[in-house]
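> My questions will all concern the structure given below.
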Amino acid sequence: MAGHEHQHHFSLCFCDVMRLLWSLVMPCIYLSLLLTLVLLLLPLGLRLWLQSRRKSRQPPGAGPLVAFFHPYCNAGGGGERVLWCSLRALMNRYPNMSFVVYTGDKGVTGEQILEGARQRFNITLPRPVSFIFLQHRVLVEASSYPHFTLLGQSLGSMFLGWEALTSCVPDLYVDSMGYAFTLPLFRYLGGCKVASYVHYPTVSTDMLSVVRERNPRFNNADFISRNPLLSALKVVYYCCFALLYGLAGSCSDVIMVNSTWTLGHILALWRSPSHTSIVYPPCDVRAFLDAPLEEDDDVDEGWEELGQELSNEGGGGDRKCHSIVSVGQFRPEKDHQLQIRAFRKLLDRKGEGPGGRESLRLVLIGGCRNQEDEERVLMLRGLCEELGVSDCVDFKLNVSFEELKRELVNASIGLHTMWNEHFGIGVVECMAAGTVVLAHKSGGPKLDIVVPYEGKQTGFLADGEDSYAAAMETILALAPSARLEMRRAARESVRRFSDQEFEVCFLSAMESLMSKVVQ
C-alpha cells in the first residue's frame, strides 16, 4: 500500500513538472523570436546609420571615396611601400576619386608621414590624401596579448576597424596590412566594396606543422613544444582560428597576394580562387640600376672593390672591408639572431689573417615600429656583446632611401634569414643593386625570387647557421667572372618586380571592382 502511494505521488510530481515545462515553452519561443529579431534588426540599423553617415559626408558631385586600412603607415617596411605605390597608381588612374588612410600613428602629422614616404621609398603622391588617426592601435599590438595572441589581435582589429568605419565610411575599403577580420565589418555593416592585399597569412599550414611537430620557434614557445597536451590544444586552437580566418577573408571582393607561397595558403584558407591573383609587391629596382657592374681585374684579391677601404693603424697599407648587409624590419620572424650567429661562425672560419675578421662587417638595416621593436634591437646588441662581435656589427635604424641605396651598392653580400618569408623586398633590392644575395631556403625567396634566370644562377639559399656561414665563405671566394655573371643575371631577373610592373598588375586586379565603385 505504501509503495502504491509513493508511485502515485511520483506520478503527480512528474505531471506537475511537465505542466511547468509546457507552460514555459511559449515564453521561450517568444523570447527566442524577440532575440532573433533584435539580432537581425541591430546589424540592419547599424548599416542604415553608417550609410546615412556616408551620404552626409559626400558633397554634391563628389567622387567615390577609397580608404586604405594601414595602422602602421609611417613604418618603413615593404607593406608600407605597397600602400604608397597603390595610392599613387589609383590617383593617376582615377583623378575624380578621393583617398583616405586609416592610421594608428601618433605624434606625427599627415605631412610628416608623406615626407617619410618620400625619404624612405622615393615616392611622392600626385594628389593630397587625407589621414584618419585612430586612437586605439594598441588593440592590435602583439604585446597586448601575452597569450592567444592571434585571437587577441584579430578581435582587436575588429574594434580598431569599427573605430575607422565610424570615423569615415568609404565607398571602397582596402585592407593593405592583413587584418582580415575587418573585412566583414566594412562589407556587411558599412555596405562597402572590399579589397585586400595579403602579405602574409595570419595562420598557415606551416604554423600548424610547427606545432604538430613540437618544433620551438618564435611563434611556438618552448614550454608548449615540450608538452604534448599543450601542443595538441594549440593545434585545435589554430584549426578553429583558421576556419574563422577563412570565413572573414572570403568576404573580400578582390584578393591580391604577394607571392606564390602566400597564394597557396590563401587559396587553401579563403577558398576564393576566382577573386584571387598574384600581384608582386613594388620594388624600386630602377633606383639601383645605375650602380655599375664591373669585374675586378685583381683576381688574387677574390672580390670586387665595392667595399670601402680601411686604413691600417700604423700606416701598414690599405685593407678592403666587405660588408654583409641585411635589410628588414626588426621583428622576431626576421630572425636577426640567426644572422649574428652565422656571422660569428664566418668570422671563426676566416680567422685573424688577411681578409679575416677585420675585413668583414655585418650591417643590420631596418625599421622600428614601436617600443617592442626597439627593445628587440637592444637584445640583439646584447647578443653581439655576448658573442664578441659587437665591434664588427652595425645597426642602422629607419634609414633614408639614399642611405639604404648606398649601403646595398657597397655591400658584398645581401643577407636574408626569415623562414617562409612571404616575399622578400629586401632580397630583390639587393639583387637589383648588384649584391650577391644569400636568402633563406623557403617561402618567396625560394619560389619567386632567387630562381634561375635564363639558365643562370641568381643567388644562394641556406637554412641554418652552418649553411649560412659556409655560403658566405663560398661567395667571398667566388672568381670575379663567375660573380659578375651571377650579379648580371640577378639584376635582369628582378625587373619583373619594378614599380611599373606592380602598378600594371594592381590596376588590372582592381579594375572590375573599381568599375562598380565608379558607377
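The values are calculated or read from the model by the stated rules, or taken from the named source; none is laboratory data. Since we're looking at a predicted model, the values are computed, not measured. Every residue, glycine among them, receives a Cβ derived from its backbone with ideal geometry; neighbour counts consider all protein chains shown. Just the protein is used for accessible areas: all its heavy atoms, side chains included, with ligands, DNA and RNA removed. Shrake-Rupley method; radii C 1.70, N 1.55, O 1.52, S 1.80 Å.
> Residue 253: accessible area at probe 1.4 Å, nearest 10 Å²?
Using a 1.4 Å probe on the heavy atoms, I get roughly 40 Å².
> Also: Assuming R0 = 25 Å, can you tell me the calculated FRET efficiency for the pair residue 385 and residue 206, based on Cβ-Cβ distance, to the nearest 0.05?
Efficiency, from the Cβ-Cβ distance: 0.15.
> Also, quick follow-up: Based on the Cβ-Cβ distance from residue 51 to residue 512, what FRET efficiency comes out when R0 is 22 Å, to the nearest 0.05? List each step's numbers first, then the result.
On the way: r = 23 Å, r/R0 = 1.03.
My answer for the efficiency is 0.45.
> Going from most exposed to least, what order do 278, 123 have by accessible area with a 1.4 Å probe?
My answer, sorted largest first, is 278, 123.
> Going by a ≥ b ≥ c, the root eigenvalues of the Cα gyration tensor, does region 386-441 fall in the rounded group (a/c under 1.5), the prolate group (a/b larger than b/c) or the oblate group?
oblate
> Chymotrypsin sites (Phe, Trp or Tyr not before Pro) within region 436-468: which are DSSP loop residues with at most 14 other Cβ atoms inside 10 Å?
Values: sites: 453, 460, 468; in loops: none.
Counting only loop positions with at most 14 other Cβ atoms within 10 Å, none of the chymotrypsin sites (Phe, Trp or Tyr not before Pro) in region 436-468 qualifies.
> Ignoring everything but the protein chains, give the 1.4 Å probe accessible area of residue 402 in square angstrom, nearest 10.
Answer for residue 402: close to 110 Å² accessible.
> Mind running the shape call on region 319-434? Use the C-alpha gyration tensor, a ≥ b ≥ c as the square roots of the eigenvalues: rounded below 1.5 for a/c, prolate if a/b tops b/c, oblate otherwise.
oblate
> Now for a different question. Which value, in Å² rounded to 10, gives the accessible area of residue 239 with a 1.4 Å probe and all protein chains present?
Estimated to the nearest 10 Å², residue 239 gives 60 Å².
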